[in-house]
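S.K.: Quick one: the structure is below, questions incoming.
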Amino acid sequence: MPAAESCHSRSLSWLVKSCIPADPARHISVPVLCPTPQPPPPSSPPAPPISTLPDDLLLECLARVPRASLPPLPAVSRRFATLLASDAFLHLRRAHAHLRPSLLALSVSDNGCVPQALLRFESSVPVLEVAPLPLPPTLLHCGGSVFAHARAVVLGRDVFLIGRGATLRVDALTGAARACAPTLFPRKKFAAAAVGDRIYVAGGSARTAAVEEYDPEVDAWRVVGEAPRRRYGCAGASAGGVFYVAGGVAVSGEGARALEAHVCAGSVDALHVASGTWARPRALPGGGCVVGACGVGDHLYVVASHAVELSFWRWSGATGRGGDGRGWGGWVALEAPPMPRGSVGLSMAVRVAMAGLGTNRVAAVVSAAAVRGHNAGGGALEGMVLVYDIAGGKWSRAPDLPPGFRRAACAGVEC
């Protein structure tokens with residue numbers, strides 16, 4: 001091994017000797033300071049979860065959650081579900097200006113899903129939101145035909161979708177849905193509306209003239225009277241404590257062969273709920289056929305078809321009297337809904353679902369299809385949304401409902 005690489009080389013010995021003084025007394029020891037080990041800083045306690053907050057603070061947080069994020073929250077815990085369903089949550093959300101008049105359209109498909117379309121009027125440009133809702137397990141056997149001609153009725157924040165032998169209750173804010181008691185009599189193309197904290201239905205059956213009342217507190221229906229006429233294909237609305245049943249065909253007689261149909265398309269029957277008495281306002285001027293109705297405040301609004309055109313009317317009946325109701329209130333003609341060319345005619349059938357939006361607007365979802373045996377000729381339409389400004393007296397066009405909302409039931413809600 002070469003000397004340069006040897007551990008006993010002279011150069012290495014010289015280097016070692018040069019570092020050690022010859023006189024040990026002259027050696028100066030340099031103390032080496034070792035740091036004293038310090039105890040670790042105390043760890044900060046973990047942040048408490050949001051569930052530990054008191055109810056009032058938790059409600060304040062939930063009231064600020066965007067609506068699109070609300071549907072999964074009831075599944076977080078039972079406490080969340082209870083707070084979200086409380087009136088305090090609704091009042092806080094309204095106080096923070098997070099509630100807007102909206103149009104909710106519901107349609108039940110055959111695959112056990114409830115597509116919902118929400119048209120929110122947040123600004124000058126309406127915003128359309130679409131989301132699916134699963135059917136409750138108890139209603140999975142119900143196909144789309146059960147709710148094909150369903151009626152949507154609003155009580156508070158809940159929308160009741162009433163079909164033929166099935167009822168669905170949907171929370172307009174969270175989307176939570178559950179099954180409710182069906183009507184006592186199966187009905188189709190009937191009249192339904194809410195008066196106070198009860199729901200009333202009439203018509204839609206050739207076998208009974210019974211008027212049913214639904215109490216959401218006990219989830220039960222009961223018969224409260226009989227309508228003057230058994231109507232089929234009618235529209236329902238409420239205004240000023242009155243339940244209106246308008247349009248359709250009156251069916252009389254007993255038995256399958258004895259039944260007779262009489263056109264009463266322009267007539268209206270009015271039930272004063274407080275007294276339980278019926279009145280018959282004047283028939284719609286011009287012989288029109290009522291195809292849609294809704295109530296806003298003390299006024300009833302109807303859209304009528306005159307074969308080749310549509311008309312729009314307002315009826316005031318807040319202070320009506322019993323009996324035949326003649327001389328009570330009156331019809332006022334308003335601006336007709338603007339319809340695309342060719343969508344209204346002798347060969348077209350027009351359907352209109354109407355709903356009041358707050359106190360100053362009326363929404364109408366219009367659909368037109370060719371009568372069987374005729375060609376639509378390009379005039380068919382589905383889910384066209386029109387909005388009437390009550391103060392301004394003008395119609396405007398809103399975004400159409402997306403495909404898949406054929407025969408959707410519509411209701412005015414706060415979301």
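The values are calculated or read from the model by the stated rules, or taken from the named source; none is laboratory data. From a predicted model like this one, the values you see are computed outputs, not experimental measurements. Quick reminder, even Gly has a Cβ in these numbers, built from the backbone with ideal geometry, and neighbours come from all protein chains shown.
S.K.: Looking only at segment 88-115, how many residues end up being over 30 Å from residue 388 (Cα atoms) and without any contact (Cβ under 8 Å) to a residue 24 or more places away in the chain?
M.R.: So the answer is 2.
S.K.: Would you be able to say whether some residue in segment 95-102 is out of contact with any Lys or Arg (no Cβ under 8 Å at 6 or more places or on another chain) and within 15 Å of residue 171 (Cβ to Cβ)?
M.R.: Checking segment 95-102: not a single residue is out of contact with any Lys or Arg (no Cβ under 8 Å at 6 or more places or on another chain) and within 15 Å of residue 171 (Cβ to Cβ).
S.K.: Moving to a separate point now. Just to check your reading of the model, which residue among 251, 245, 290 is crowded, with 22+ Cβ neighbours inside 10 Å and either modelled with pLDDT under 95 or of a type in the set (D, E, K, R) (or both)?
M.R.: That would be 290, the only listed residue that is crowded, with 22+ Cβ neighbours inside 10 Å and either modelled with pLDDT under 95 or of a type in the set (D, E, K, R) (or both).
S.K.: Within segment 185-214, how many residues are more than 20 Å from the chain's Cα centre (by Cα), farther than 21 Å from residue 264 by Cα and outside any loop (DSSP other than H, G, I, E, B)?
M.R.: Number of matching residues: 2.
S.K.: Please specify each residue of segment 175-216 satisfying the condition of being among the aromatic types (Phe, Trp, Tyr) and more than 16 Å from residue 242 (Cβ to Cβ).
M.R.: 185, 190, 214
S.K.: Check segment 31-38 and report whether any residue there is part of a helix (DSSP H, G or I) and either surrounded by 10 or more Cβ atoms within 10 Å (Cβ to Cβ) or modelled with pLDDT under 60 (or both).
M.R.: No, the conditions are met nowhere in segment 31-38.
S.K.: Now for a separate question. Going through 151, 157, 93, 169 one at a time, which residue ends up being under 22 Å from residue 210 (Cα atoms) and among the basic types (Lys, Arg)?
M.R.: When all the criteria are applied, what remains is 151.
S.K.: Sticking with this structure for a sec: I want to confirm something. Restricting to segment 54-98 and keeping residues that are in a helix (DSSP H, G or I) and in contact with a Ser or Thr (Cβ under 6 Å, 6 or more places away or on another chain), which single residue is nearest to residue 177 (Cα to Cα)?
M.R.: Of everything passing the filter in segment 54-98, 74 is nearest to residue 177 (Cα to Cα).
S.K.: Also, quick follow-up: Among the residues of segment 156-165, is there at least one that is touching a Gly at 6+ places or on another chain (Cβ under 8 Å) and either surrounded by fewer than 17 Cβ atoms within 10 Å (Cβ to Cβ) or in a strand (DSSP E or B) (or both)?
M.R.: No - not one qualifying residue is present in segment 156-165.
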